[in-house]
Amino acid sequence: MAALLKTTTTPTLDEFHAALDNCGDRWYSVCLKITRNPAYAEDAVQDGLMTAWSKREQFHGSAKLETWIHRIVVNAALQLLRKNRPQIWQPLEEDFAVEPVTPVDARAEQEMGMELAAALEQLSEFERVCFVLKHIEQWRLNEIAESLETAVSNIKQGLFRAVRKLRISMAEWRSEL
């Protein structure tokens, strides 16, 4: 729990381990959503953690250690995406969601998940990354723009296009929700 406290000192190995224990699954999940490849997601988390550890003296305690590492891990996933752009977009073969209570709910969730995955595949890489970071990871527009090294107006346009395309692709689910 020491990693949850704001500190002005360089984080210790124990604080990093606590952060990893608390958020490792979440970091992997967001990297998987960005890269769409379990191996790349693992690499991104590992690269991000190594970068965070090597730059730990830059941590100033203005945010929680977990939040600081989260941003570094997401940036590692984005860098991996840029580096491996041609082969990166593959559908997930595993379902990482929590099982619903009833079989009917499970089937509906599975169908919706498959349709959402297909709809996300129709987005451009930029639109999908913007959508995931904004609507799933709850990043601010300026944070996304900074990570993607572009203007906030470009992020807004990408989000607008992504949402518009997803609304069209997922129209039948809107009436069922």
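Each reported figure results from applying straightforward, stated rules to the coordinates on display, with no laboratory input. Keep in mind it's a predicted model, so treat the numbers as computed, not measured. Here the Cβ is made from the backbone with ideal geometry for all residues, glycine too, and neighbour counts use every protein chain on show.
Here are a few things to note about the model shown:
- Pairs from LYS83/LYS134; LYS134/LYS156; LYS33/LYS134 whose Cα-Cα separation, in the structure shown, is over 18 Å: LYS83/LYS134
- Linear extension gain, GLU111 paired with HIS60, 0.36 nm per residue minus alpha-carbon span: 13.9 nm
- Farthest positive-ward along the stretch 97-171 dipole, Cα basis, beta-carbon charges - from SER153, GLN110, ALA171: SER153
- ALA171 versus SER124: modelled label distance in nm, points set 7 Å from Cα along the beta carbon direction: 2.3
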